[in-house]
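Remarks on the structure that follows.
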Amino acid sequence: MTLSMRRYRRQAERIERRGGVAVTRAGLNPILAVGLVGAVLGLAWSRGALPSWLPIAPPPKFITVQGRLVAVPAPAKGAVRVLPPVAVATSGSHAFLYVTASGAPIGFDPCRPIRYVVRPDGAPAAGDQLIAEAVAVISSATGLAFVDAGYTSEEPLLDRPLVQARYGDGWAPVLFGWSDEGTDPELAGPTAGLGGVSVVPAATGPGEFLAGGRVLLDAPDLTAILASPDGYARARAVVVHEVAHVVGLDHVADAGELMAPAMGALTALGPGDRAGLALVGQVPCDGA
Ligand SMILES: [Zn+2]
């Protein structure tokens, strides 16, 4: 195992979808007719078929997440981006973890900040700084806003629940956690990190967005990288690679890109990485 050939793997999860609106039973009385009209209007609204001036709140969409029926969180009011989009100014190899039927990338809703939490247990001294700087790199390359939501005690499990009481309503934030190959066999050998994310339905319309997400970092591997020449920049590049997975980038074969599965001495995003990150940050907002 050499430090110059770290391999990465992604962990991509999909959750079971259950579309449509919740329907309640009603008897044959005048309220039924009103209820039916409401249901039809609601269904039309949920499919974007109603004019926006109608003062009707969209019905919640329910999906099954890990065996639990949960309401898809409502979109941000006004559907305004938190940060401006990033123009594509470079070209090169890039690939997306998830695409729509027409091939467009599926990304996070750019009208909501992406919250992230850190489980600091077992982190190297530079751990928090590595994560904060990697998140800043991805934020400026995507035009997606991130919010540091503090520390958590949540274990960085492969199948982490997408909805958790500890985080309140809505999708769980992105989780950064430190581990090692003894605790997590997925980190065996030269794998220094794992990044993955889930796909969830939009609250409005038929679209999909990324949500949740997890970055598992191998503390012994990254501690060794940090002690090598140019170690801090190389360790940060590992975390940038994993956060790029979280926002929807997949591996590419081009060794000149940070999204190559085995990274050499690269410490900065390549031209294809930048193009892919800009595109995944340009998806239309939920509710737009
Ligand atoms: Zn990877």
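The values are calculated or read from the model by the stated rules, or taken from the named source; none is laboratory data. Here the structure is a predicted model, which means the values were calculated and not measured. Counting neighbours? That spans all protein chains shown, and the Cβs are built from the backbone with ideal geometry, glycine included.
Residue by residue, here is whether (1) away from the ligand (no atom under 13 Å from the Cβ); (2) of a type outside the set (Gly, Ala, Ser); (3) surrounded by fewer than 20 Cβ atoms within 10 Å (Cβ to Cβ); (4) not assigned by TED's automatic domain parsing to the domain that holds residue 126 holds:
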| site | (1), (2), (3), (4) |
| --- | --- |
| 250 | no, yes, yes, no |
| 254 | yes, yes, yes, no |
| 258 | no, yes, no, no |
| 275 | yes, no, no, no |
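May I ask you to list the residues in segment 222-257 that are farther than 21 Å from residue 143 by Cα and assigned to a helix (DSSP H, G or I)?
Listed by number, the residues that qualify are 222, 223, 224, 225, 226, 231, 232, 233, 234, 235.
If you take the residues of segment 155-188 that are of a type outside the set (A, V, I, L, M) and in contact with a helix residue (DSSP H, G or I) (Cβ under 7 Å, 6 or more places away or on another chain), which of them is nearest to residue 273 (Cα to Cα)?
Looking only at segment 155-188, we keep the residues that are of a type outside the set (A, V, I, L, M), and these are 155-156, 159-161, 164, 166-171, 173, 176-186.
This time we only want the ones that are in contact with a helix residue (DSSP H, G or I) (Cβ under 7 Å, 6 or more places away or on another chain), so: 173, 176, 178-181.
Numbers: 173: 24, 176: 21, 178: 25, 179: 27, 180: 27, 181: 28 Å.
Once the filter is applied, the top-ranked residue is 176.
Take the residues of segment 88-110 that are in contact (Cβ under 8 Å) with a residue 60 or more places away in the chain and loosely packed, with under 13 Cβ neighbours inside 10 Å: which is nearest to residue 273 (Cα to Cα)? Outline the logic, then answer.
The first filter runs over segment 88-110 and keeps only residues in contact (Cβ under 8 Å) with a residue 60 or more places away in the chain, leaving 88-98, 100, 104-110.
With the extra rule that they be loosely packed, with under 13 Cβ neighbours inside 10 Å, the set shrinks to 89, 91.
Working: 89: 11, 91: 9 Å.
Restricting to residues being in contact (Cβ under 8 Å) with a residue 60 or more places away in the chain and loosely packed, with under 13 Cβ neighbours inside 10 Å, the top hit is 91.
How many of the residues making up segment 147-156 are exposed (fewer than 15 other Cβ atoms within 10 Å of the Cβ) and over 16 Å from the mean Cα position of the chain (by Cα)?
Residues that pass the stated criteria total 4.
Inside segment 66-87, can you point out the residues that are touching a residue at least 24 places away in the same chain (Cβ under 8 Å) and of a type in the set (D, E, K, R)?
Result: 68, 81.
Of the residues 192, 188, 172, which single one is surrounded by fewer than 18 Cβ atoms within 10 Å (Cβ to Cβ) and of a type in the set (A, V, I, L, M, F, W, C)? Outline the logic, then answer.
Working: 192 fails: surrounded by fewer than 18 Cβ atoms within 10 Å (Cβ to Cβ); 172 fails: surrounded by fewer than 18 Cβ atoms within 10 Å (Cβ to Cβ).
Result: 188 is the single residue among 192, 188, 172 that is surrounded by fewer than 18 Cβ atoms within 10 Å (Cβ to Cβ) and of a type in the set (A, V, I, L, M, F, W, C).
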